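Peer 1: Following this message is one structure expressed as structure tokens.
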Amino acid sequence: CTTNAVSLGTNQCRCLNDFYAIPENFDDNRQPVDCIDCPEGGVCDGLNTTVNEVQADEGYWFSPWEKQNILEFVECRNEACPGGQRGGDNCRDGYKGVLCTECQDDYQRVDTYDCSKCSGGAGLVVLRIVGTWILIFIIAFIITYINISDAEKIARAHENGEEGGLDTDASILIKILLNFLQFNTVASSFNYAWPGFVRGFLEAEALISASLNNLMNVDCALPSETSIPSYYINALIIALLPFVVPLLSLITLSIFICRRNISRHDNNLLAPSKIIPGKKEEENKLDMGSIMSRNSITQSRHQPNPNSLHSLLEAKRSAAKEMSQRNSIETVKSDQAKASSLSQIIEIDTKKSQEIVEDAENKLSNKDTRTEEREKSNINIIDGDRGSGIDPRVVSSEVQQSCRQSIAVDGKQILVLKRKKLRTIYNASNLSFVFMLYPTLVEQAFNLFNCESLTSSNDSYRFLPEMSQRCFETPHLGWSLGLGAPMLAVYVIGFPVFLLYILYHFKSDLPNAWTSMESISYEEAYAKRRRSMHLHMLYDGYKHDFFFFEIVVLLRKVLIVAISVFVVNNQAQTQLAILLIVLCVVIQQRLQPFELEECNSLEYWSLFTSFFTFFFGSFLYFSNNDITMLASIMVFVINLMFFMHAVSMILRSIYREAVHIAKKMTKGEAKKMSVGQRVISYIGSLA
């Protein structure tokens, strides 16, 4: 008998177990000439097993692409391959196709290669998608809300001469936590055999970080006769998500409009040079006092009885201020003959006018030095006019006309201010939504080019997300070039490049660039903070030299997604992921990009948590159940501990800010408020 065969008698040679024979190669006595090793994944039980009798082992799928009499079995990517007979769809219920990775009718894809029974039909799909968008909207709205408010508080602290911004770090901590969740949840897509409780925890993290590949699935809503594979339809929906962002940002903007109005603080800080185009350079040098003065003119319209001497005095004061600001009156003619008559008129109501002057001076005491000097100069003009002998009736008509002009100017300025502020909120909201969607967009773009040769045959070069499709042939070629290439160009490459460009473009307007400048005026500071406020989420918390570091974090997410998509080998996946994390730890150690030490510390812990997640995940390849269970418990505990630690830091930050607000209150106000009310007051202050 030939090698690997046993003789059962005369002319009765049979191949041993784990070997098979090819009938075409039998000799004239029908004895096997050669006994071939049973391929990996095949089952060759019994003596004299022939090539047609070799079956697939459990967890393997027979390759139909090989030449005749050449057997090859491919390891399945899920648990849908029961083994046994070859040919047909020898898959478990709900599965079909190549490697049992496609879903049968009335089933939907719930993971890369897993399927589940549809329930609820199209109505449930719509409800799930709407619920997903509501969740994304809530998270993105909170990010926008906190970042816009934090940017305003930092700027106001600078305007008041306080050391503000560094103690208000809740927005920074939330950003670090979200970055960790988006990075760490990629581990759920690695080829780890996670136990149910670990996979559930990672999927919960993915839900918080808005990982949408499964949530936006519409398989159960598609008719069975649809000619386009469901994966391409789902990919198209993911690709179009950013086009919904402007609509969601409008909803966010509407909530801001209803919840918060343009504050008087912003109205007073706004300089005419920043709002009204076409004015002369000398006129644009007016400071905040000019707006305060015009506001006082607006209020003077509401004084009772404009024909009384008291109103005439107030009207003359307002007219003098308006004339001095707009340079409409350069000189006042001196007429000594009429001086006594006007003095007599003023002296009739000396007591009332004195009270008004004192009240105005008390209000001016809270303004800066430039405002006081301008107000005093306006009062001096009034004192100089006492000898001018101007007819009060003429002054009254001039005041009414000046008031109308001033009110019109103020209205335009406030309108432009509101438009600029709303545009800032709108842009910040767009950035927050895309920030949440970015990992999902990157993963979908990479998946459209995810191809692999399953066996040595050329016919086995398959598009992994939809293995019924051969790579770069119709229809995959059209979808990869028509949808995948634009997604790579716009989302994967274009978005980080665009963010880097606008950060450099507004580099001089970032708070860290101008808060240390002693010579900067209020008008310049106001304009700078308003121009850069929509980027607050990107530069918030970083040192000025590392204002671009959020782009580095985006690239970290791109690399970990690329490893999960394009690297198939389990060990290679783990090693590359760990190498990436170690590189990030080294960069963090060398640069220390955050201003606050506690933020650098939290970033360290996030990276170490990701390291242990992937490190212990590699132990799941072991066959020892005790080791895999211990590794799974370690992953669960470490992730839970970090999440609780990060949330506690965020709550402590909010509490510190609430205490800081309470210290600014009067004793009477503070006694009436509990700690919870102070926290609510802090949250309310964000509005």
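The values are calculated or read from the model by the stated rules, or taken from the named source; none is laboratory data. The structure displayed is predicted, hence computed values, not measured ones. All Cβ positions, glycine included, derive from the backbone under ideal geometry; neighbour counts span all protein chains shown. Heads up: the accessible areas ignore ligands, DNA and RNA and are worked out on the full protein's heavy atoms, side chains in. Shrake-Rupley method; radii C 1.70, N 1.55, O 1.52, S 1.80 Å.
Peer 1: Is one or more of the residues making up the range 495-507 buried (at least 17 other Cβ atoms within 10 Å of the Cβ) and at pLDDT below 90?
Peer 2: To start, the set of residues in the range 495-507 that are buried (at least 17 other Cβ atoms within 10 Å of the Cβ) comprises 495-496, 499, 503, 506.
With at pLDDT below 90 added as a condition, the list becomes 506.
Yes: the range 495-507 contains one or more residues that are buried (at least 17 other Cβ atoms within 10 Å of the Cβ) and at pLDDT below 90.
Peer 1: Moving on to the next point. Name every residue in the range 30-47 that is open to solvent by less than 50 Å² (accessible area, probe 1.4 Å) and within 16 Å of Gln12 (Cβ to Cβ), in order of residue number.
Peer 2: Those that are open to solvent by less than 50 Å² (accessible area, probe 1.4 Å) and within 16 Å of Gln12 (Cβ to Cβ): Gln31, Pro32, Cys35, Gly46.
Peer 1: Open to solvent by less than 50 Å² (accessible area, probe 1.4 Å) and modelled with pLDDT of 95 or more: which single residue out of Leu488, Leu510 fits that description?
Peer 2: On the way: Leu510 fails: modelled with pLDDT of 95 or more.
From the options Leu488, Leu510, the qualifying one is Leu488.
Peer 1: Do you know which residues across the range 104-154 are open to solvent by 50 Å² or more (accessible area, probe 1.4 Å) and within 30 Å of Ile425 (Cβ to Cβ)?
Peer 2: Listed by number, the residues that qualify are Val126, Leu127, Arg128, Val130, Ile134, Leu135, Ile138, Ile142.
Peer 1: Here's another thing I want to ask about it. Please tell me if Asn90 is over 18 Å from Ile22 (Cβ atoms), at pLDDT below 90 and among the polar types (S, T, N, Q).
Peer 2: Numbers: over 18 Å from Ile22 (Cβ atoms): yes; at pLDDT below 90: yes; among the polar types (S, T, N, Q): yes.
When the stated conditions are applied, Asn90 passes them.
Peer 1: Every residue in the range 442-485 that is more than 28 Å from the chain's Cα centre (by Cα), open to solvent by 20 Å² or more (accessible area, probe 1.4 Å) and more than 14 Å from Trp65 (Cβ to Cβ), please.
Peer 2: Matches in the range 442-485: Cys451, Gln469, Phe472, Glu473, Thr474, Pro475, Leu477, Gly478.
Peer 1: Here's a follow-up. What number goes with the only condition from (1) in contact with a Lys or Arg (Cβ under 8 Å, 6 or more places away or on another chain); (2) farther than 25 Å from Val647 by Cα that Arg590 does not pass?
Peer 2: Against the list (1) in contact with a Lys or Arg (Cβ under 8 Å, 6 or more places away or on another chain); (2) farther than 25 Å from Val647 by Cα, Arg590 comes up short only on (1).
Peer 1: Restricting attention to strands (runs of 3 or more DSSP E) lying wholly within the range 1-115, give those where 2 or more residues are under 22 Å from Asn450 (Cβ atoms).
Peer 2: Details: elements: 5-7, 13-15, 19-21, 35-37, 60-62, 73-75, 107-109.
Qualifying strands (runs of 3 or more DSSP E): 60-62, 73-75, 107-109.
Peer 1: Give the residues of the range 1-29 that are open to solvent by less than 80 Å² (accessible area, probe 1.4 Å), within 14 Å of Asp45 (Cα to Cα) and charged (D, E, K, R), sorted by residue number.
Peer 2: Arg14
Yes/no matrix, rows are residues, columns are (1) of a type in the set (Val, Ile, Thr); (2) modelled with pLDDT of 85 or more:
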{"position": "Trp133", "(1), (2)": "no, no"}
{"position": "Arg156", "(1), (2)": "no, no"}
{"position": "Gly161", "(1), (2)": "no, no"}
{"position": "Ala170", "(1), (2)": "no, no"}
{"position": "Ile176", "(1), (2)": "yes, yes"}
{"position": "Phe180", "(1), (2)": "no, yes"}
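Peer 1: While we're on this one: Could you grab the pairs with beta carbons closer than 9 Å, sequence gap of 6+ or different chains, first residue in the range 232-247 and free of Cβ contacts under 8 Å to residues at least 24 places away in the same chain, second one surrounded by fewer than 19 Cβ atoms within 10 Å (Cβ to Cβ) and in a helix (DSSP H, G or I)?
Peer 2: Filtered contacts from the range 232-247: Ile237/Ile129.
Peer 1: From the residues in the range 530-576 that are acidic (Asp, Glu) and touching a residue at least 24 places away in the same chain (Cβ under 8 Å), which one is farthest from Ser618 (Cα to Cα)? Outline the logic, then answer.
Peer 2: Let us first name the residues in the range 530-576 that are acidic (Asp, Glu), namely 540, 545, 550.
Right, trim to touching a residue at least 24 places away in the same chain (Cβ under 8 Å) and you get 540, 550.
On the way: Asp540: 35, Glu550: 29 Å.
Residue satisfying both the conditions and the ranking: Asp540.
Peer 1: Turning to a different aspect of this structure: Search the range 616-642 for residues being hydrophobic (A, V, I, L, M, F, W, C) and touching a residue at least 40 places away in the same chain (Cβ under 8 Å), and hand back the single one that is farthest from His544 (Cα to Cα). If you could, list the steps in order and put the result at the bottom.
Peer 2: Just the residues of the range 616-642 that are hydrophobic (A, V, I, L, M, F, W, C), to begin with: 616, 619-620, 622, 627, 629-631, 633-638, 640-642.
Of the ones still in play, those that are also touching a residue at least 40 places away in the same chain (Cβ under 8 Å) are 620, 629, 635-636, 640, 642.
Numbers: Leu620: 43, Met629: 45, Val635: 36, Phe636: 36, Leu640: 33, Phe642: 28 Å.
In this case the residue turns out to be Met629.
Peer 1: Name the single residue, out of those in the range 418-441 being under 29 Å from Ser188 (Cα atoms) and not hydrophobic (A, V, I, L, M, F, W, C), that is surrounded by the most Cβ atoms within 10 Å (Cβ to Cβ).
Peer 2: Here is the first cut: in the range 418-441, the ones under 29 Å from Ser188 (Cα atoms) are 429-441.
Checking the rest, the ones that are also not hydrophobic (A, V, I, L, M, F, W, C) come to 429-430, 432, 438-440.
On the way: Ser429: 29, Asn430: 19, Ser432: 27, Tyr438: 21, Pro439: 26, Thr440: 23.
Here the answer is Ser429.
Peer 1: Go through the range 55-67 and give me each residue that's modelled with pLDDT of 85 or more and open to solvent by 50 Å² or more (accessible area, probe 1.4 Å). Full working, then the answer.
Peer 2: To start, the set of residues in the range 55-67 that are modelled with pLDDT of 85 or more comprises 55-65.
The answer is Gln55, Asp57, Glu58, Pro64.
Peer 1: Which count do you get for residues in the range 68-77 that are open to solvent by 70 Å² or more (accessible area, probe 1.4 Å) and in contact (Cβ under 8 Å) with a residue 24 or more places away in the chain?
Peer 2: Here is the first cut: in the range 68-77, the residues open to solvent by 70 Å² or more (accessible area, probe 1.4 Å) are 68, 70, 75, 77.
Pick out the ones that are also in contact (Cβ under 8 Å) with a residue 24 or more places away in the chain and you get 75, 77.
Residues that pass the stated criteria total 2.
Peer 1: I want to confirm something. Restricting to the range 592-605 and keeping residues that are open to solvent by 60 Å² or more (accessible area, probe 1.4 Å) and farther than 21 Å from Asn639 by Cα, which single residue is nearest to the chain's Cα centre (by Cα)? Quick ask: steps written out before the conclusion?
Peer 2: Of all residues in the range 592-605, those open to solvent by 60 Å² or more (accessible area, probe 1.4 Å) come to 595, 597, 605.
Those left that are additionally farther than 21 Å from Asn639 by Cα: 595, 597.
On the way: Glu595: 21, Glu597: 23 Å.
So the residue we want is Glu595.
Peer 1: Of everything in the range 78-95, what is of a type outside the set (A, V, I, L, M) and crowded, with 20+ Cβ neighbours inside 10 Å? Give them in sequence order. First the steps, then the outcome.
Peer 2: At the first step, the residues of the range 78-95 found to be of a type outside the set (A, V, I, L, M) are 78-79, 81-95.
Matches in the range 78-95: Cys81, Cys91, Tyr95.
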